[in-house]
Amino acid sequence: MLVTGGAGYIGSHACKALKQAGYTPVTFDNLITGWKDAVKFGPFERGDLLDRARVNEVFAKYKPTAVMHFAALSQVGESMQIPGKYWRNNVFGSLELIDAAVEFGVKNFVFSSTCATYGDQDNVVLDENSVQLPINSYGASKRAIEDILANYSESNGLNHVIFRYFNVAGGDPDGEVGEFHQPETHLVPLILDAIDGKRDALTIFGTDYETPDGTCIRDYVHVCDLVDAHVLGLKWLEDGKGDRVFNLGTGKGFSVREVMDAAAYVTNRVVPQIEGERRAGDCTKLVSGSVRAETELGWKPNRSNLETMIKDAWRWHQNGHFEK
Ligand code: UDP
């Protein structure tokens, strides 16, 4: 089982879940945003997806029967400033990986996609059939990879499950791995940084959105629930059930201010805050249910409530970090 991006936040939690499910996750990661310390549940191979010879070497060494592909650049803001970096890294890198998978006879491919592929669709309940109209380069790059997978399924028989996730938060309750980005750009860890003085304040990106409190609304999913879905997705492919797209959200949206209030409640501390400008590329609201994942995969998210996600993130925040 090859896991690209296994040294990153979601990938490292996926490796733990895969190991618990009886697989041997081989991490392939260039460590640009990932951490060697986070690779705890299987072998590690350092490499870049754009380096096809290195990718081939790893396929030849481990002969994986399936690939779980997390490796990607994922910052919406940066993707608007440097779009080429996102197209090159995410799309070209994935294409090399997908070509290698085909060359080495892999049949099953699980891909980490995003709700950012839907773009800003006001007053629409998003489901897997919603039109994909990304408004940032990150979402556009992920949509392109989805298109590649659809083509390769027809021409090369590479079966795929695509997960479009909403906002991922929380961490391993055992504290073996957790969310740690350098620099950090995600809301929950930034709020926790502000709470314990690691940064001066949390800047709220925009307070004039058309939402009840003026801040953006997102659907937050616990990383452990998210990776459980990936293991179910892998089994789905192993059972020969074929290509499928699943949204992973809870159907409940929380505004930036609501997440801050929940963090203040869980930690019993004040969140120092500044009201700032909108961030380019941000959608007003991204929320989806996961009816398909629940009914077809049997996915049961059980940690995806705001309080549990923040509690798990806070525990890690106080005790955990990685070194390269
Ligand atoms: N956000 C914010 N301040 C920050 C970081 C994020 O107000 O310092 C907001 C951001 O505008 C978005 C939400 O928090 O509405 C979640 O952003 P994040 O970067 O965590 O995830 P994204 O939605 O971009 O995947």
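The values are calculated or read from the model by the stated rules, or taken from the named source; none is laboratory data. Quick caveat: nothing in here was measured; it's all calculated off a predicted structure. For neighbour counting, all protein chains shown are included, and Cβ atoms are generated from backbone atoms with ideal geometry for every residue, glycine included. Areas reflect the complete protein model, heavy atoms only, side chains present, ligands, DNA and RNA absent. Shrake-Rupley method; radii C 1.70, N 1.55, O 1.52, S 1.80 Å.
Explain nothing, just the number: relative contact order of the chain, from Cα pairs under 8 Å at least 6 residues apart, as a whole percent.
Working: 681 pairs, mean separation 65.6, N = 324.
Answer for the chain is 20 percent.
So how do 80, 68 rank on accessible area, 1.4 Å probe, biggest first, that is with the largest at the start?
Details: 80 75, 68 0 Å².
These residues rank, largest area first, as 80, 68.
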Give the percent of DSSP beta bridges with both residues in the chain that are antiparallel, rounded to the nearest 5.
5
What accessible area, in Å² to the nearest ten, does a 1.4 Å probe give for residue 211?
20
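If you keep only loop residues by DSSP, which GluC sites (Glu not before Pro) in the range 278-324 have at most 11 other Cβ atoms within 10 Å of their Cβ? Before the final figure, lay out each step's value.
Details: sites: 294, 296, 307, 323; in loops: 323.
Loop-located and lightly packed - 323.
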For the chain, fraction of C-alpha pairs farther apart than 26 Å, in %
44
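Per DSSP helix of 4 or more residues, -39500 (n - 2.57); summed, then divided by the residues of the chain. What does that give at 222 nm, rounded to the nearest 500?
Numbers: 10 runs with 115 residues, N = 324.
For the chain, the value works out to -11000 deg cm²/dmol.
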If you count the DSSP beta bridges with both ends in the range 146-276, what percent of them are antiparallel, to the nearest 5?
15
Helix 93-103 sits off the longest principal axis of the Cα atoms of the chain, rounded to the nearest 10 on a 0 to 90 degree scale, by 30
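Going by a ≥ b ≥ c, the root eigenvalues of the Cα gyration tensor, does the range 45-126 fall in the rounded group (a/c under 1.5), the prolate group (a/b larger than b/c) or the oblate group? All intermediate terms of the calculation are to be shown ahead of the outcome.
Working: a/c = 3.27, a/b = 1.72, b/c = 1.90.
Verdict is oblate for the range 45-126.
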If I fit a long axis through the Cα atoms of helix 52-62 and take the longest principal axis of the Cα atoms of the chain, what angle between them do I get, 0 to 90°, rounded to 10?
70
Keeping the other protein chains in place, figure out the carbon and sulfur percent of the accessible area of the chain, with a 1.4 Å probe.
48
Run the numbers on the range 109-249 and let me know its relative contact order in percent, using alpha-carbon pairs under 8 Å that are six or more apart.
31
If you line up the long axis of helix 223-238 against the longest principal axis of the chain, both from Cα atoms, how many degrees apart are they, to the nearest 10?
20
Might you tell me the accessible area per residue for the chain, computed with a 1.4 Å probe and given in Å²?
42
Which of 142/252; 241/311; 61/142; 40/107 exceed 31 Å between C-alpha atoms? The answer is 241/311
Please check: in the Gaussian network model of the chain (C-alpha springs, under 10 Å), which one of 48, 225, 239 has the largest mean-square fluctuation.
239
Here the net charge surrounding residue 228, from other residues whose Cβ is less than 14 Å away from its Cβ (Lys, Arg +1; Asp, Glu -1), is +2
